[in-house]
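The values are calculated or read from the model by the stated rules, or taken from the named source; none is laboratory data. Small disclaimer: the values here were computed from a predicted structure and weren't measured. Counting neighbours? That spans all protein chains shown, and the Cβs are built from the backbone with ideal geometry, glycine included. Remember, those area values only see protein heavy atoms, side chains included, never the ligands or the DNA or RNA. Shrake-Rupley method; radii C 1.70, N 1.55, O 1.52, S 1.80 Å.
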Amino acid sequence: MATFPKATIEGYPRIGANRELKRALESYWAGRIDAETFRSTTRALRIDTYNHLRDLGLDEEYAIPADVAYYDQVLETGLTVGLIPGGTDLDEEFALARGNDTRVPLEMTKWFDTNYHYLVPELEGVTEITPAPERVLRLVEEAREAGHAVRPVLVGPITILALSKPADFSLLDKLVDAYATVFAALADAGVEWVQVAEPALVADLSTPDADLAKYTEQAWSTLLGADNRPNVYITTPYGSAREGLKALASVKPEAVHVDLSPWTLDADADYPARVAAAFEGTDTTIVAGLIDGRNVWAADLRTKAEILNSLSADGNAPISVSTSTSLQHVPHTLNAEKNLPVDVATWLSFADEKIGEIKALVAGEENAPEAFGRSDRAVRTRTESTKIHNADVVARVDKLPAGEVKRAPEFAERKKIQGEVLGLPALPTTTIGSFPQTTEIRQARAAHRNGELNDEQYTEALKQEVKQVIELQERLGLDVLVHGEPERNDMVQYFAELLDGFVVTENGWVQSYGSRCTRPPIVVGDVSRPNAMTTEWSAFAQSLSEKPVKGMLTGPVTILAWSFKRDDVPVSVSADQIGVALADEVADLEAAGIQVIQIDEPALRELLPLRADARPEYLAWAVRAFRLVALNAQPSTQIHTHLCYSEFGQIIEAVAGLDADVTSIEAARSKMELLEDIDETFHSEIGPGVWDIHSPRVPSKEEMVELIKAALENVPTDRLWVNPDCGLKTRGYAEVEPSLTNMVAARDEVVSGL
Ligand code: GLN
Ligand code: ZN
């Protein structure tokens, strides 16, 4: 039996160091290149990547995972095993991902608790499963021609079913047959190792853990019992397996991966011991996912080496070292960063640098003294750095009351005061903040970046934009206006650049979905606010109108969710620090004459822990951080919040707990369904979206009238707002003007009938 490589990774960024995949995809979609050019371009990218990984030290056979996908890894496996029908040519594959004239795209949602989005297999009506092993054989073949024995990567049968809609396990037997066919084809092609990801085993999903464990035993004992198959490497990234770990130990694959990242061990300190015990006396190679695949900090090699030692037991198979998750969640390399502060750079490790850490752990300190020395220095200088440890910030947060904080007076009292101050009409209309990011805005931003526009000229261009946005809203008759956020490209990046304690990268792109990448900022230390961040824009906008203009802030949870977090303090510490920094911004906005302030928390649900028993603690600190922002707001200041996703079930109490005066939420697509639960829990005013802004369609007045009436069945008239589902930055004015016109007319019609 070919032994498992000593040093490996779970996956590597697919997008390309210079975003080659993004360019190829977008060129193909725009018709600038044909299918053949697309295939040869992406093939070159794959082979370059394999060569690069070998040069970085992944030089054992099967050390390189071929985690290839043009658009998404779940789509790729779905097509390979036949759970997703179709996709035989490129256009069909991209139609599944993006839709076309004749079909809507598959739904897209977050992959575990990451910011990567996968396409959700749609199982309604699926009865037959016909695998297409040639998809993966092609990859093996092209790699072989270039001199590489790569390890094909699939999402596992338990995970792909658990993530499908609906999670229909009655298909399991047929699906297992399909995997068996793919495995046999790989074996026939001489492939010795296949990697199969079963992260469903680390999460509490709609299918209970015990059932997933039972299905795991059922499916994997069949698959591993087959004669004609490669060696199987089952992986469990993103957390610790519980029932699933026992199931895996009982089916005995040739190798098993466990996530031993700091995050996982924080939540489950005994995990290494449980893993060692579960596989004691078996031939299964344990692959220790010690190097954090989803964060950017340089590893403390000494601590990792200790965990590694604790895993070995006499008589067990030798242990290998890998990442905790695929490296798809981190940027390619620090070498592409020329402007990071020198000390900060030594504390970081992106995908390529992490491979060096894995090699060092495998070699051990005697054989890799420089790497261990570097790691020791990084740990020391980071702990001692006065740049990232700010005693004033720590002292200020320490002085806050512990536990729950609450704004005074109560909502009912605030509502009365705000009603008098603001004097808004019945069913007030507003928008969520951003207006279209026009070509002119993008051009101005680019011109500013390369020095063609100086700061003053750039600000002037943006002010013109704000002026037009205010005039438009006046003309349309909206009640609470916004400045339109033209100065923000990505809202989290915007605040990260203005706050101390963050660094931003130049090239730290990470795939979000398909060809879309983001550049997450890094929380390096204690966070504080050197200067007011938004008051100039809000005050300028307010000076142009008699109507209230909403100040626009991004909340602490969302800022953290879309950044790389610190690993040296609990996330709640950063949340409190951002909370008080934003509280200062609230005070400055009030001083600048702003009476309505929105604190966006669209990511509140995203950070929800994968394990149900960890959720209450998370929600407690998340709600607290939000409340800190609003804590000292004047009673007359109306605090709004905004969240955008339709499944509220799990967090509805937390949303109510934010204690905002007005909550706007996505609701148009679900036809106000969520309001059925909302009445008992919510006391605040509420703006369920009446316009689904994810679609370019202009909603008619009539359909919005229907939605407002539906909302009024569950929400009293004096608590209902009328607004779109989300910000308008991805839309064009051609849709925004008529849609908002219809929205205001719909409100007027409903009000006239009250
Ligand atoms: N205020 C932000 C906007 O309108 C909210 C963004 C969001 O919910 N994702 O763009
Ligand atoms: Zn939104």
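Some observations on this one:
Yes or no, residue by residue, for (1) at pLDDT below 95; (2) of a type in the set (S, T, N, Q); (3) within 16 Å of ligand 1 (Cβ to nearest atom); (4) within 23 Å of residue 491 (Cα to Cα):
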site	(1), (2), (3), (4)
673	yes, no, no, no
677	yes, no, no, no
709	no, no, no, no
717	no, yes, no, no
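- Residue 117 open to solvent by less than 50 Å² (accessible area, probe 1.4 Å), modelled with pLDDT under 95 and under 28 Å from residue 8 (Cα atoms): yes
- The residue that is surrounded by the most Cβ atoms within 10 Å (Cβ to Cβ), counting only those in the range 24-60 that are without any contact (Cβ under 8 Å) to a residue 60 or more places away in the chain and among the basic types (Lys, Arg), is 39.
- Total residues in the range 389-413, condition of a type in the set (A, V, I, L, M) and in a helix (DSSP H, G or I): 6
- If the condition is being part of a loop (DSSP other than H, G, I, E, B) and among the basic types (Lys, Arg), then the range 1-39 contributes 6, 14, 19, 32.
- Residue match in the range 480-502 (condition: of a type in the set (S, T, N, Q) and surrounded by 23 or more Cβ atoms within 10 Å (Cβ to Cβ)): no
- Elements of type helices (runs of 4 or more DSSP H) in the range 198-271, at least 2 residues being surrounded by 19 or more Cβ atoms within 10 Å (Cβ to Cβ) and of a type in the set (Phe, Trp, Tyr): 209-225
- The numbered conditions (1) within 16 Å of ligand 2 (Cβ to nearest atom); (2) within 25 Å of residue 481 (Cα to Cα) are all true for residue 635 except (1).
- Residue list for the range 488-505, restricted to those being closer than 17 Å to residue 442 by Cα and more than 15 Å from ligand 2 (Cβ to nearest atom): 489, 493, 494
- Here the range 411-433 is the region considered, the condition is being open to solvent by less than 10 Å² (accessible area, probe 1.4 Å) and in contact with a helix residue (DSSP H, G or I) (Cβ under 8 Å, 6 or more places away or on another chain), and the residue that is nearest to ligand 2 (Cβ to nearest atom) is 431.
- The listed residues are 736, 715, 751, and the only one of them that is over 30 Å from residue 100 (Cβ atoms), open to solvent by less than 10 Å² (accessible area, probe 1.4 Å) and of a type in the set (Val, Ile, Thr) turns out to be 715.
- Some residue of the range 372-379 being under 18 Å from residue 8 (Cα atoms) and open to solvent by less than 40 Å² (accessible area, probe 1.4 Å): no
- Those residues of the range 385-397 which are modelled with pLDDT under 95 and open to solvent by 80 Å² or more (accessible area, probe 1.4 Å), in sequence order: 386, 387
Residues checked against (1) among the hydroxyl-bearing types (Ser, Thr, Tyr); (2) closer than 19 Å to residue 382 by Cβ:
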{"site": "509", "(1), (2)": "no, no"}
{"site": "518", "(1), (2)": "yes, no"}
{"site": "521", "(1), (2)": "no, yes"}
{"site": "524", "(1), (2)": "no, yes"}
{"site": "527", "(1), (2)": "no, yes"}
{"site": "530", "(1), (2)": "no, no"}
{"site": "538", "(1), (2)": "yes, no"}
{"site": "541", "(1), (2)": "no, no"}
{"site": "548", "(1), (2)": "no, no"}
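- Within the range 554-576, the residues that satisfy the criterion of being out of contact with any Asp or Glu (no Cβ under 6 Å at 6 or more places or on another chain) and not in a loop (DSSP other than H, G, I, E, B) are 556, 559, 560, 564, 571, 572, 573, 574, 575, 576.
- Going through (1) crowded, with 22+ Cβ neighbours inside 10 Å; (2) under 22 Å from residue 603 (Cβ atoms); (3) not hydrophobic (A, V, I, L, M, F, W, C) one by one, residue 473 falls short only on (2).
- A residue that is away from ligand 1 (no atom under 16 Å from the Cβ), open to solvent by 10 Å² or more (accessible area, probe 1.4 Å) and either more than 30 Å from residue 653 (Cβ to Cβ) or at pLDDT below 95 (or both) cannot be found anywhere in the range 721-730.
- Segments classed as strands (runs of 3 or more DSSP E), wholly inside the range 438-527, with at least 2 members that are among the hydroxyl-bearing types (Ser, Thr, Tyr): 510-513
- Boolean, residue 74 is aliphatic (A, V, I, L, M), surrounded by fewer than 21 Cβ atoms within 10 Å (Cβ to Cβ) and not in a strand (DSSP E or B): no
- Restricting the first member to the range 220-235 and to residues that are farther than 20 Å from residue 259 by Cα, and the second to residues that are in a strand (DSSP E or B) and among the small types (Gly, Ala, Ser), the beta-carbon pairs closer than 9 Å and six or more apart or on different chains are 231/255.
- Close contacts from the range 444-466, counting a first residue that is in contact (Cβ under 8 Å) with a residue 40 or more places away in the chain and closer than 17 Å to residue 537 by Cβ and a second that is part of a loop (DSSP other than H, G, I, E, B) and open to solvent by 40 Å² or more (accessible area, probe 1.4 Å), with Cβ to Cβ under 8 Å and a gap of 6+ residues or different chains, come to 445/489; 466/544.
- Residue list for the range 549-590, filter: open to solvent by less than 10 Å² (accessible area, probe 1.4 Å), more than 22 Å from residue 330 (Cβ to Cβ) and not hydrophobic (A, V, I, L, M, F, W, C): 550, 551, 554, 555, 556, 577, 579, 585
- When residue 610 is tested against (1) away from ligand 1 (no atom under 16 Å from the Cβ); (2) aliphatic (A, V, I, L, M); (3) at pLDDT below 95, exactly one condition is not met: (3).
- Close pairs from the range 586-613: first at positive phi, partner open to solvent by 10 Å² or more (accessible area, probe 1.4 Å) and away from ligand 1 (no atom under 16 Å from the Cβ), Cβ under 7 Å, at least 6 apart: 593/539; 593/542
- The set of residues in the range 264-287 that are closer than 17 Å to residue 324 by Cα and either touching a residue at least 60 places away in the same chain (Cβ under 8 Å) or not hydrophobic (A, V, I, L, M, F, W, C) (or both) comprises 264, 266, 267, 268, 270, 271, 272, 274, 285, 287.
Here's the yes/no breakdown for (1) among the acidic types (Asp, Glu); (2) more than 16 Å from ligand 2 (Cβ to nearest atom):
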| position | (1), (2) |
| --- | --- |
| 695 | no, no |
| 702 | yes, yes |
| 711 | no, yes |
| 721 | no, no |
| 734 | no, yes |
| 746 | no, yes |
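- Subset of the range 61-71 [over 22 Å from residue 29 (Cα atoms) and either in contact with a strand residue (DSSP E or B) (Cβ under 6 Å, 6 or more places away or on another chain) or buried (at least 18 other Cβ atoms within 10 Å of the Cβ) (or both)]: 62, 63, 64, 65, 66, 67
- Residue within the range 724-731 that is within 16 Å of ligand 2 (Cβ to nearest atom) and basic (Lys, Arg) present: yes
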